[in-house]
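Worksheet for the structure shown next.
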Amino acid sequence: MRNRNTLRALTLIFAFALVAAACGDSSSDTTSAPTTAAPGDGGTTTTAAQATTTTEAPMVMQDATLRLDWSYLVYHSPFLYAVEQGYYEDEGINLEVLEGQGSGSTVTLVGTGEDTFGFADSGTTAVQKSVGVPVKNVLIVQRQSGFGTACYPDVSFSSPSDLVGHSVAIVPQESTAQIWPAYLAANGIDLNDVDLVNADFSNKVKLVADGQADCIAGYVAQDTLQAQLLNPELEDPIAWTNHGVALMGHGLVASESTISENPDLVAGFVRASIKGWEEVCADPQIGIDLFLRQFPELSAEDQEFTRQSMPFECADKLDPGPGDSGTRYSATTDNMWQSMVDVLVQFGGLEDPLAPSEYYTNDFVG
């Protein structure tokens, strides 16, 4: 879960179900040829006319929902943009985009059939799948996880070893905290060598901004950015993927039943989603403008957060990380999923891992 201490609650109902209005016209075009009497046929007439009727069948539309990982933030704008541009409608999908309450909840709702698709953390998806939730990842959007650490200048932070003897604010219940031991262990640091300042979701960002901790561990371009906006002295975060934590970030999930029974729906949804992400991330201002247009009541601080966040969301997180030979929005591999599962088994509470191929399918990506 993410800290949104500086964001106002977005309580608007943001329904994006698009109903197709274009059905094919039916038309009849009958041409009558002259009637003539053939020589020697006793005046019998022959007619060369043929009546032709052409009917264009309307596209069969399917209703579907996309459950987000959290309440609306600017990094969701590629999906909203794809809805606005009619990309899902072009695939025969009436898509409704719904807010979420964390990746765990999102994966569960998809697994139970409450929602058709979900946008969720891939590690959380793996943990949920391992305990019996019948889902699979159908596209990795963020090929690198968003975990990062940001510190004040006096820490001289450039690698995890610089954290020894300093304090780091963290929320014990958040996913960041679950992976924190792996981050330190991968860099040969004892847990006791770093002073953790336990915060909660309501005060983590402000606590760091007020200087009550030397560093913050959180999501790049989200709670680390919020803290920077409150206190610009805080330096830019360094991603954990740069220091041995091989985790993928968010992706799209569908239930196993939807994948097997309606693969065309899944394929169309993935194609439209990729198109939205590609176009918004080619020009992040598109996503910023859309979000500010949809939520004009945002405070000046939240508007600034929106402007600064989207470029980060379209940057390194989408690119292949260490050990990943793919490209943006491309297939993943057993090795990539196994590396993540190994981290989750050791530090993330995953007790009964499955074979890596059980967590994902490449059937809908190139």
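Only the coordinates and a few stated rules stand behind these numbers; no lab work does. Everything numeric in this text was worked out from a predicted model, so none of it was measured. For neighbour counting, all protein chains shown are included, and Cβ atoms are generated from backbone atoms with ideal geometry for every residue, glycine included.
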- [ ] Using the Cα centre as the reference, give the magnitude of the dipole from point charges on the C-beta atoms of the stretch 147-243 (Lys, Arg: +1; Asp, Glu: -1; all else neutral), rounded to the nearest 20 debye.
- [x] 240
TODO: Could you line up THR333, THR149 from fewest to most neighbouring Cβ atoms inside 10 Å?
DONE: THR333, THR149
- [ ] Using label points projected 7 Å from each Cα along Cα→Cβ, tell me how many nm separate SER260 and GLN212, to one decimal.
- [x] 5.1
TODO: Take the cross-link list LYS204/LYS317; LYS136/LYS204; LYS136/LYS317; LYS136/LYS206 and give me the ones stretching past 26 Å between alpha-carbons.
DONE: LYS136/LYS204; LYS136/LYS206
Open item on the list: Can you give me the C-alpha center-to-center distance between the stretch 296-317 and the stretch 136-213, rounded to a whole angstrom?
Closed with: 21
- [ ] Work out the FRET efficiency for ASN192 and ASP319 from their Cβ-Cβ distance, taking R0 = 30 Å, and round it to the nearest 0.05.
- [x] 0.30
Task: Charge dipole of the stretch 251-312 about the Cα centre (unit charges at C-beta), most positive-ward option of VAL253, TRP277, MET310 - done: TRP277
Open item on the list: Cut-off is 10 Å between beta-carbons; in what order do MET340, MET310 appear when sorted fewest neighbours first?
Closed with: MET340, MET310
